[in-house]
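Structure in structure tokens, see below.
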Amino acid sequence: MSIDSAKADTPPLDGTQRKKSTPRPSMQIYRPPGLRDPGSRPKQNGSSKSDESPTPAATASPEPKMAAEKGRPNFSKNSESPKPQSSKQNESYQSHNNQQQQRSSQQQQQQPSIARTLSNVILEPRKKPQIQNNFDEIIQTFQKLNITKEKGMIDEFISTNMENEALARSLGQYLVQYAIEENKANGRTVARLCASLLECPSGVAFHQGLVTSILQYYDCREQLRNAQEHLKIWIGFLSFVSDLYAHVGFTYEGEMVEVIFNIFDYMLKPPVLDQLKIEELECMIASLLSVGYDLERQCPDELGRLKNQIRDAFIEVSEPWARKMILLLMELSASGWTLPPESNDYYFS
């Protein structure tokens with residue numbers, strides 16, 4: 001017997017069962033009669049019996065087939081039956097979600113959200129009781145100020161329940177002039193009155209008058225600060241703008257904020273920086289003590305640039321007293337716009 005025939009006839013030593021594959025004639029090993037074992041011929045009948053009895057490999061071969069069949073996906077009709085059920089469940093789930101979305105959209109349409117714009121800040125219904133409550137307070141403030149120059153316009157505006165927009169616009173322009181030129185001592189009272197008038201039905205027109213008058217004073221800044229007779233008007237303008245922002249805040253897209261930063265930018269750059277007056281720096285310090293914290297919360301980027309301008313101004317300015325006051329501005333910015341007691345003793349003792 002040859003080595004090849006022995007390898008082919010002997011079962012594997014490790015006891016593993018070989019998986020019987022489909023017969024492939026091209027892969028069968030052909031043994032010529034000359035290579036066959038001559039002793040096997042007399043036992044041909046016994047071999048036939050042995051052939052009839054299943055060999056261990058033959059008996060074990062169906063089991064791997066069954067295992068392979070178990071591992072294969074079952075494509076029978078029974079396996080396809082659950083698919084319509086799952087699709088029906090998905091359809092019912094999607095229809096349920098669609099119904100919920102439709103209900104939520106209907107609720108949103110019934111209760112729309114109101115965006116706070118210039119047109120509805122005054123017309124919002126919940127502010128009407130507040131306007132009625134402040135109506136008497138506004139009248140009392142006008143009486144306290146005892147304004148005689150435009151008393152007719154004020155009385156007519158009050159008689160229209162503060163709804164006449166033309167009168168509101170003119171009143172806004174006049175109150176700025178009154179606080180800056182006629183009664184600088186009551187600038188904070190006028191600023192508080194302006195904040196109350198912004199809540200009246202014609203508040204938008206009143207605000208337009210305020211901004212128009214403030215911008216007119218700012219456009220005349222060169223004439224106001226260079227002429228000695230108009231310097232008090234310029235100082236009153238600086239004080240009133242900061243007082244007005246302290247009471248009005250970031251209303252109407254922050255026009256007051258833009259004016260404040262434009263003023264600081266104007267005064268902290270040459271050639272105005274070299275000609276700064278002590279009254280101007282005092283107004284800057286008082287302004288930042290009053291509104292610096294609010295400015296840092298509402299517009300931190302602009303205030304960061306202002307801090308850089310203050311630092312550059314401290315380097316460029318030459319007057320010792322100006323350097324000391326600008327140094328105070330730097331300490332204010334570092335301490336959260338509040339003056340510590342030791343700094344107060346150092347700068348104002």
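Quick note: the coordinates plus some simple rules give every number you see, no bench work behind them. Computed from a predicted structure; not experimentally measured. Heads up, the Cβs are rebuilt from the backbone with ideal geometry, glycines too, and the neighbour counts pull from every protein chain shown.
Quick one, what does Rg over Rh come out to for region 268-349 if you take C-alpha atoms and the Kirkwood Rh?
Expressed as Rg/Rh, it is 0.95.
Another one. For region 132-173 and region 191-248, compute the distance between their C-alpha centroids and round to whole Å.
17 Å
Kindly put 284, 162, 330 in sequence by how many other C-beta atoms sit within 10 Å of each C-beta, fewest to most.
Least crowded to most crowded, the residues run 330, 162, 284.
Could you pull out the pairs from 269/324; 232/269; 149/277 whose alpha carbons sit more than 23 Å apart here?
149/277
What's the Cα-based Rg to Rh of region 162-318, Rh via Kirkwood?
0.98
Of 331, 296, how do they rank once you tally other Cβ atoms within 10 Å and put the fewest first?
Listed from fewest to most nearby Cβ atoms, that is 331, 296.
Just how large is the dipole of region 125-253 about the Cα centre, in debye to the nearest 20, putting +1 at every Lys and Arg Cβ and -1 at every Asp and Glu Cβ?
My answer is approximately 300 debye.
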